[in-house]
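Below is one structure; the comments refer to it alone.
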Amino acid sequence: ITASHNPPDYNGIKLFNRDSLGFSTKQEEEIESRYLSKKFQPTSWQEYGNLAKEEKSGEKYLRALEKKASSWKCDSHMRLVIDPGNGAACNLAPAFFQELGFEVSPVNNEPDGLFPGRGAEPTAETLEETIKFLNECGADLAICFDGDADRVVFCDRQGFLGYNEMIAFISRLAVKESGKTRVATTVETGRLLDAAVADLNAKVSRTKVGDVSLAYSTKESDAASAK
């Protein structure tokens, strides 16, 4: 249940299939068709399904991230500002980077669905106070998340780092490390990405905007990265 980076008066539901991908357009149309046909009998909630509450899901997720990052080489002399924006990354993100050995200064790190710190969407405008805090505490980089922590942006002492620049940088690194020759993105991303991976003989696959379309494009093209 998430409204992503939208204001607190919004909400939404995202459905995921067994491949951990959002439902495809075809799957959504099938569900809509079955519903509109009215050829089914309503079932009581008490008679269907199970509800499980995982008390330590955050801790398990953190351990999984640490396992994945165990081979990374990190410059632990860097000082980071971690800004979860009062959203889902609160506590988890600062703890993860501390485990990697970084000196971490968290801000907007108290979970609050009203997003009182700076709003749910991290932009150049909403991160002005975060950038000011970064300079005040002498940090090198700020890592900033949106409300449901599926989007991340970066700032340095000079200000907000552009989307296209970071996509190009991360995609190039992913191609180098994976050896794959394809990166996935949406039609919103500029041509800087193409230039960034050209000398690595990698190609860019573009799809329509939306995390579901991007996820399926990544899977189909076996891409090194997706954004």
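The values are calculated or read from the model by the stated rules, or taken from the named source; none is laboratory data. Note that this is a predicted model, so its numbers are computed, not measured. Cβ coordinates were reconstructed from backbone atoms using ideal geometry, including for glycine residues, and neighbour counts include every protein chain displayed.
The table for this structure:
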| quantity | calculated |
| --- | --- |
| Those residues of region 198-222 which are among the charged types (D, E, K, R) and either out of contact with any strand residue (DSSP E or B) (no Cβ under 7 Å at 6 or more places or on another chain) or not in a loop (DSSP other than H, G, I, E, B) (or both), in sequence order | Asp199, Lys203, Arg206, Asp211, Lys219, Glu220 |
| Any hit, region 72-94, residues being among the aromatic types (Phe, Trp, Tyr) and not in a loop (DSSP other than H, G, I, E, B) | no |
| Complete set of residues in region 1-19 that are under 20 Å from Tyr216 (Cα atoms) and more than 15 Å from the chain's Cα centre (by Cα) | Ile13, Leu15, Phe16, Asn17, Arg18, Asp19 |
| One residue from Ala174, Ala139, Ala124 being more than 19 Å from Tyr61 (Cβ to Cβ), crowded, with 18+ Cβ neighbours inside 10 Å and more than 17 Å from the chain's Cα centre (by Cα) | Ala139 |
| Wholly within region 118-195, strands (runs of 3 or more DSSP E) carrying at least 2 residues that are farther than 30 Å from Asp9 by Cβ and not charged (D, E, K, R) | 182-186 |
| Top-ranked residue in region 48-67 [being among the hydroxyl-bearing types (Ser, Thr, Tyr) and under 22 Å from Arg151 (Cβ atoms); ranked as farthest from the chain's Cα centre (by Cα)] | Ser57 |
| Leading residue by the ranking (surrounded by the most Cβ atoms within 10 Å (Cβ to Cβ)) among those in region 68-94 that are under 17 Å from the mean Cα position of the chain (by Cα) and more than 18 Å from Asp146 (Cβ to Cβ) | Ala69 |
| Residue in region 57-65 that is modelled with pLDDT of 85 or more, in a loop (DSSP other than H, G, I, E, B) and small (Gly, Ala, Ser) present | no |
| Residues that are free of Cβ contacts under 8 Å to residues at least 60 places away in the same chain, in a loop (DSSP other than H, G, I, E, B) and closer than 20 Å to Asp211 by Cα, drawn from region 20-42 | Ser20 |
| Test for Ser171: is it in contact (Cβ under 8 Å) with a residue 40 or more places away in the chain and either in contact with a Cys (Cβ under 8 Å, 6 or more places away or on another chain) or outside the structural domain of Asn109 (by TED's automatic domain parsing) (or both) | yes |
